[in-house]
């Protein structure tokens, strides 16, 4: 059987003068892909975001140049145009550049904008997908994005647009009707208007909601609530970004699937949806 180094030898090289746009996953360094790790081991310069765990940066090669390009809502941060121009500048210097983003670069990560800037500048690039918080973060909370008894569709939504407001381009009414499960990124700041839109579109005040903060990290917090109470519960809890908001019946499955809680001694429910009792009474 081949060893780990043999696997790395078969992977593509991060060439001089090129950029890899890589996802670092939602937080836990164990969720980093082998290809992203390969990029870390080759890069001469790593341009990284606020949500990239420091332990992931520790995996980089010795002597690597680290450049912070974090973007956090409500705080001073690098402008997107400046980040893209910096990637182009570094590549034109002949450097091996790794652009490391939290989650997946193409899921609300502006990876498409940066890649198009590289295309316009004639800089070669590769996209290295990562585990998005909307999937990995939910899994660490014990909430499946899909479950056969609950939903066959899910919608991933951003809670604010480039201006920092609730996006006008989101058709909340259609999403409420068509997607039983809604996974909303960056929603805490605007949770009240988001809830208002969902209730106006016909979602029930009693619908289960979960808020997952600092997903997959040692500081992960999960708040379970309902659509009618969640805004008040968030305010009372002191929970802070980065956080995901999940709306839908899949939240109930956390009672049976909170595997992190089980490791800490929590007793899980074998039938959190009450399927057996319903089928027996039918």
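Inspection of the range 41-50 finds no residue satisfying the criterion of being closer than 22 Å to residue 145 by Cβ and either exposed (fewer than 13 other Cβ atoms within 10 Å of the Cβ) or outside the structural domain of residue 189 (by TED's automatic domain parsing) (or both). Flag: residue 161 does not match the condition of being at pLDDT below 95, assigned by TED's automatic domain parsing to the domain that holds residue 251, surrounded by fewer than 20 Cβ atoms within 10 Å (Cβ to Cβ) and farther than 30 Å from residue 31 by Cβ. Here the range 39-55 is the region considered, the condition is being in contact with a strand residue (DSSP E or B) (Cβ under 6 Å, 6 or more places away or on another chain) and assigned to a loop (DSSP other than H, G, I, E, B), and the residue that is nearest to residue 80 (Cα to Cα) is 49. Taken over the range 225-269, residues that are under 19 Å from residue 26 (Cβ atoms) and without any contact (Cβ under 8 Å) to a residue 60 or more places away in the chain amount to 4. Annotation note: of 199, 188, 223, the sole residue that is modelled with pLDDT of 95 or more and in contact with a strand residue (DSSP E or B) (Cβ under 6 Å, 6 or more places away or on another chain) is 223. Cβ-Cβ distances below 7 Å connect the following pairs, each with a first residue in the range 65-80 that is over 16 Å from residue 241 (Cα atoms), a second residue that is assigned to a loop (DSSP other than H, G, I, E, B) and modelled with pLDDT of 85 or more, and a separation of six or more residues or different chains: 65/44; 69/49; 78/69; 80/110. Note on the range 52-87: residues that are at pLDDT below 90, over 16 Å from residue 117 (Cβ atoms) and surrounded by 13 or more Cβ atoms within 10 Å (Cβ to Cβ) amount to 3. Selection of the range 1-38 for residues being touching a strand residue (DSSP E or B) at 6+ places or on another chain (Cβ under 6 Å), more than 20 Å from residue 95 (Cα to Cα) and not in a loop (DSSP other than H, G, I, E, B) yields only 31.
Taking the conditions exactly as written (touching a strand residue (DSSP E or B) at 6+ places or on another chain (Cβ under 9 Å), over 17 Å from residue 175 (Cβ atoms), modelled with pLDDT of 95 or more and surrounded by 20 or more Cβ atoms within 10 Å (Cβ to Cβ)), does residue 246 satisfy them or not? Here the answer is no, as residue 246 does not meet what is asked.
The values are calculated or read from the model by the stated rules, or taken from the named source; none is laboratory data. Remember, it's a predicted structure, so these values are computed and weren't measured experimentally. Using ideal geometry, Cβ is built from the backbone for each residue, glycine included, and neighbour counts are taken over all protein chains shown.
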